[in-house]
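Beneath this line is the structure, given in structure tokens, with notes to follow.
The values are calculated or read from the model by the stated rules, or taken from the named source; none is laboratory data. Being a predicted model, the structure only gives us computed values, none of them experimental. Cβ placement follows ideal geometry from the backbone for every residue including glycine, while neighbour counts extend to all protein chains displayed. All accessible areas refer to the heavy atoms of the entire protein, side chains included, with ligands and DNA or RNA removed. Shrake-Rupley method; radii C 1.70, N 1.55, O 1.52, S 1.80 Å.
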Amino acid sequence: MNERNKILEQFKKKIANLRKHNKLYFVKDKPEISDSEYDNLKNEIIELEKKYPFVKKDGSVDLIVGAPPSNKFKKIKHLIPMLSLSNAFNQGDIEDFLKKINNFLNFGDKKIELFSEPKIDGISATLIYKNGQLKNGLSRGDGITGEDILDNLKTISNIPQKIIGKDIPSLLEVRCEIYIGKEDFKKLKDNFANPRNAAGGSLRQKNSIQTSKIPLKYFAYGFGAIKPMSFKTQSEFLEKINKWGFVTNPLSKKVNGILEIQKQHSTIDAMRSSLDYDIDGLVFKVNDLSLQKRLGNTSNSPRWAIAYKFSAEKAITKIKDIIIQVGRTGAITPVARVEPVTVGGVVVSNATLHNEDEIKRKDIRIGDVIQIQRAGDVIPQVLSVDVSKRKNNSKKFYFPTKCLCGAPTNKELSNNTKKEDAVRRCIKGYDCEYTAKEKLKHLVSKEAFNIDGLGKKVIDQFWDLKFIKNPSDIFNLNYNKIKILDGWGDLSIDNLKKAISKSKKINLDRFIYSIGIRHIGQESAKILAAFFVKVKEFSKLIDVKKRSIILSNLVELDGIGETQINSIDNFFSNKKNAEITLELIKILNVNDYAIQVKDGKFSNKKLMFTGGFHKMSRSEAKSIAENNGAKVLGSISKKLDYLIVGNSKPTKRKIDQAKDLNIRIINENEWNKILNS
Ligand code: IVH
């Protein structure tokens, strides 16, 4: 082989290799090399192209679209968090949504105008304009902090870089969904699993020239910060920004009441396949922005909007095996390993079987032909079994009564219903290696320690190699051992070190959430953090004697009930949990909870409500009080400043107790006056 051919061979091999790794990353979601190794490979190709231009006739790196996204974007805090939406899957869910809104606003059965928009299945981004000039463009990131992807967003030609018109707010943040048209995607489909992946990959290219090769489009759907705010409704906002040059979705519409909602849902569902973009449902938003403001948010999603998903896509496949998975709470979940099948553009090879009862009820067996469905990002479910295709020698599946670790499992009795839980659990906690591994995954997850580069797969790998066993091991990793593993290079090690070191500084609420006490989610963790303020106070729960006193005080917290208190008690009664918590506190730098003392009518005051109010629901009263600086308690104590008594069925005992303790009592009229003053 002459020199020229040798070089050509070498070049072709590298190009093929690059394509292989692109595919592993984007299509299979299983990268085999690290970002830095990928970059090296690409640089080698670029060098060859520069040195020997003749190789280019056999392909060029420029022609390969899509490269693993960079993690080198500048991180910027969102002006207002980018929340997600809660989902509805049927009419009942929508009825619940409407009921909750009416309850919160105390609106009885009044019909509230909603605005319906298609839910575009793309990637969200936010555009910030100052005095009409596009200044910033961020990805959603974790919702609190996004990445600066302005250069890439600027490649989308119809995103206005300057808005011209009357009454343009000096600060305008437009939220939008970036997507790739179905037709355009056809040219890219060898490189990406679906249009959404392609859009995400393209937006996160470090080199915006790569981004510009992929035809991105967008729809603007909402706003973040606006100053001054002059819009009254969502529909008015969209109309206005459309006049200013933003692309808004033409299939949006005002709707009133459940019938119109259902009608709009089926109308758009019927049009779905003829649209040039993927939609996975409709978003229904309370149209009146002042009502949106009153409704506010729960920790991750607004109360004023919901995503009403279209029915899930279904497929037929066969169960190859039924395996058992153990979750972080010890829950034993059966999972069907199925013959791979494509459902809505995604290859599915696992489906959940929920629990023992579900398997019994549907008599699901290994070897069965089944129908599965995939809705959104959740793990596909088994819908039904085709018994006619069952072989004669097929055997019933008996659910194991032991955990994978060998320990016996149990089903709890529910406090409320006094019924046995459907879920079997291993109660060994960190002493069960399966539960422990999942607890570590929870610990590093986005909402907890949020350690970039330490995903579920890496935890699995490090666990199998015995690099980690307890949470504290994560903060004492031996990087020399990791360095020699396949897929790790200097750059990725360096990034991991930085991410871990950064995560050592953690806020108390996140810390409480991270240690994984059952029934303590993000919201309860915040309530507890506001109560303890300092990690030192929190750690007193480890001491048996102090614990019982503290637990009796927790009763007064609005939002913490018997279930949570029992669970905290159980958690710290376990010696291992106590050790692990102490060890973590020692290594970490847990910040005091910064109680956001909001300036307002009730700054630093402790309030409690009893009875119902005429003008607002209890939830709204609570949220108004909190927004005005109050802490809302759940029981009468000396600490209480005011007891607010609603006209409808207040508890007499509470009023008497408050009187005994000389607590100021405010009746409904006075309460309304204070709010309006
Ligand atoms: S409103 C507070 N409207 O869906 C959240 N979202 O699951 C308000 N999306 O992050 C979101 N189309 O990326 C809204 N018409 C639409 C949407 C839409 C797509 C995406 C968006 C958001 C995600 C929420």
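In a residue-by-residue description of the stretch 390-409, the property of being part of a strand (DSSP E or B) and open to solvent by less than 50 Å² (accessible area, probe 1.4 Å) applies to at least one position.
Would a scan of the stretch 128-143 turn up a residue that is of a type in the set (A, V, I, L, M) and within 25 Å of the chain's Cα centre (by Cα)? Checking the stretch 128-143: at least one residue is of a type in the set (A, V, I, L, M) and within 25 Å of the chain's Cα centre (by Cα).
Being within 16 Å of the ligand (Cβ to nearest atom), surrounded by fewer than 17 Cβ atoms within 10 Å (Cβ to Cβ) and over 29 Å from Thr267 (Cα atoms) holds for only one residue in Ile156, Ile144, Ile149, Ile164, and it is Ile144.
Residue-by-condition table, conditions (1) open to solvent by less than 40 Å² (accessible area, probe 1.4 Å); (2) more than 25 Å from Thr333 (Cα to Cα):
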site	(1), (2)
Phe449	yes, yes
Lys456	no, no
Gln461	no, no
Phe467	no, yes
Asn470	no, no
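Looking only at residues of the stretch 105-127 that are open to solvent by 10 Å² or more (accessible area, probe 1.4 Å) and away from the ligand (no atom under 16 Å from the Cβ), we find that the one that is nearest to Pro250 (Cα to Cα) is Glu113. Considering the stretch 202-315, the qualifying helices (runs of 4 or more DSSP H), each wholly inside and each with 2 or more residues that are at negative phi and at pLDDT 95 or above, run over 234-243, 257-271, 289-295. Which is surrounded by fewer than 23 Cβ atoms within 10 Å (Cβ to Cβ) and in contact with a helix residue (DSSP H, G or I) (Cβ under 7 Å, 6 or more places away or on another chain), of Ala198, Ala193? None of the others qualify; the one that does is Ala193. Contact map, the stretch 414-427: first residue hydroxyl-bearing (Ser, Thr, Tyr), second residue open to solvent by less than 50 Å² (accessible area, probe 1.4 Å), Cβ cut-off under 8 Å, separation 6 or more or different chains; pairs are Ser414/Asp421. When the stretch 278-316 is filtered for residues that are more than 23 Å from Thr267 (Cβ to Cβ), among the charged types (D, E, K, R) and within 11 Å of the ligand (Cβ to nearest atom), only Arg303 remains.
With (1) open to solvent by 40 Å² or more (accessible area, probe 1.4 Å); (2) of a type outside the set (Phe, Trp, Tyr); (3) out of contact with any strand residue (DSSP E or B) (no Cβ under 8 Å at 6 or more places or on another chain) as the list, and Val346 as the residue in question, which single condition is left unmet? Of (1) open to solvent by 40 Å² or more (accessible area, probe 1.4 Å); (2) of a type outside the set (Phe, Trp, Tyr); (3) out of contact with any strand residue (DSSP E or B) (no Cβ under 8 Å at 6 or more places or on another chain), only one is false for Val346: (3).
The condition (being without any contact (Cβ under 8 Å) to a residue 60 or more places away in the chain, open to solvent by less than 30 Å² (accessible area, probe 1.4 Å), of a type outside the set (Ser, Thr, Tyr) and in contact with a Phe, Trp or Tyr (Cβ under 8 Å, 6 or more places away or on another chain)) is satisfied by just one residue among Ala499, Ala525, Ala529: Ala525. The selection criterion, being more than 13 Å from the ligand (Cβ to nearest atom), modelled with pLDDT of 90 or more and over 22 Å from Leu83 (Cβ atoms), does not hold for Asn197. So for the stretch 3-23 (the condition being within 17 Å of Thr211 (Cα to Cα) and modelled with pLDDT under 70), does at least one residue qualify? No: the stretch 3-23 contains no residue that is within 17 Å of Thr211 (Cα to Cα) and modelled with pLDDT under 70.
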